[in-house]
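Novice: The structure follows.
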Amino acid sequence: MTAIPSRPAEAGTTATATPGTAELAFACTGVRADPYAAGPTLVFRLRITAAGGARVHALALRCQIRIEPARRGYGPAEAEGLADLFGERSRWGTSLKPVQFAQVQAMVPSFTGETETDLVVPCTYDMDIAATRYFQALADGEVPLLMLFSGTAFTGDGGFRVEPVPWDREAAYRMPVAVWREMVEQHFPGCGWLRLPHDTMDELLAFRSRNALASWEATVRALLDAAAPPPQPPPPGAPRPGAVLPRRTGRSAP
């Protein structure tokens, strides 16, 4: 997995503003699963503050969201589920690198001083995506996220000025794992999702048709049963299951 280079500033949003740029600060105050979206979607709540109560006519915002896996602990089962991403736990000192989660845009309407807005993040349950496999491996707790902001601010009290959002603006947020699971359950209740190439799907469909299987679940189950190792024969002399042992007769010694 390719490591994502980190930016100089840490998770806070208090870096010194460059002269001539918009002096904005960002914070994430919450997240929820959108039950009405067509696909899995998270909605993050952002608080945006303009220093000195400045007026912002509009804000074209870009946000990159990264998972910071080194900022939380993991149980034995979670570590096993993350082995394909980060390797064995003994290697995590060097392999536990940030994972790209999402990159989205938002238009923030006019405000003076401070405002709150929703940041809509479409998600996927594709298990080929590293972020999805990371979320799926977690049993509970929180996901440490780092939100990196950039974009263009249209500011000015008496006029109109176009300024870039400083590229060092960041906000850390710890998203509850339960919110991710709620989102997935809304769209894939009790199920998983698997992406396969067209030729593999064609072969699966042909296998299902040949065997008159009623569902994809039955199709996969039939393949798993066929691939399962045969049961091991009992060792010599061991009683067979259900066998009736001979009843001992004769008198015991006095």
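Novice: Which order do the peptides 188-198, 41-51 come out in when sorted by mean C-beta neighbours inside 10 angstrom, highest first? Display every interim value, and only then the final one.
Specialist: On the way: 188-198: 9.5, 41-51: 18.5.
Result, highest mean Cβ count within 10 Å first: 41-51, 188-198.
Novice: Can I ask one more? Highest mean first, what order results for 224-232, 107-115 on Cβ atoms within 10 Å?
Specialist: Working: 224-232: 6.8, 107-115: 13.6.
Taking the mean over residues of other Cβ atoms within 10 Å, the ranking is 107-115, 224-232.
Novice: Accessible area per residue of region 81-197 at 1.4 Å probe, in Å²?
Specialist: Numbers: 5870 Å² over 117 residues.
With the other protein chains kept in place, region 81-197 gives 50 Å² per residue.
Novice: Another question, then. Please give the FRET efficiency for residue 45 paired with residue 194, using the beta carbon to beta carbon distance and R0 = 30 Å, rounded to the nearest 0.05.
Specialist: On the way: r = 32 Å, r/R0 = 1.08.
Efficiency computed from Cβ-Cβ geometry: 0.40.
Novice: For region 104-156, what is one quarter of the convex hull surface built on the Cα atoms, given in nm²? Write down the numbers at each step before the final one.
Specialist: Numbers: hull surface 22.0 nm².
Hull-based average projected area comes out at 5.5 nm².
Novice: At a 10 angstrom cut-off on C-beta neighbours, averaged per residue, how do the peptides 72-84, 121-133 rank from highest to lowest? Intermediate results must be reported in sequence, preceding the final value.
Specialist: Numbers: 72-84: 13.6, 121-133: 16.1.
Packing order, densest peptide first, comes out as 121-133, 72-84.
Novice: When the accessible area of region 53-118 is computed with all protein chains present and a 1.4 Å probe, what percentage of it is carbon and sulfur?
Specialist: Details: 1600 of 3400 Å².
About 47 percent, which is the carbon plus sulfur part of the accessible surface.
Novice: What's the extension gain from residue 205 to residue 84 if we count 0.36 nm per residue and subtract their Cα-Cα distance?
Specialist: On the way: separation 121, 0.36 × 121 = 43.56 nm, distance 2.90 nm.
Full-extension gain reported as 40.7 nm.
The values are calculated or read from the model by the stated rules, or taken from the named source; none is laboratory data. What you see is a predicted model, and the numbers here were worked out from it, not measured in a lab. Cβ sites come from the backbone with ideal geometry, for glycine too, and all protein chains shown count toward neighbours. The protein model used for the area step is the full one, side chains on, heavy atoms only, and it has no ligands, DNA or RNA in it. Shrake-Rupley method; radii C 1.70, N 1.55, O 1.52, S 1.80 Å.
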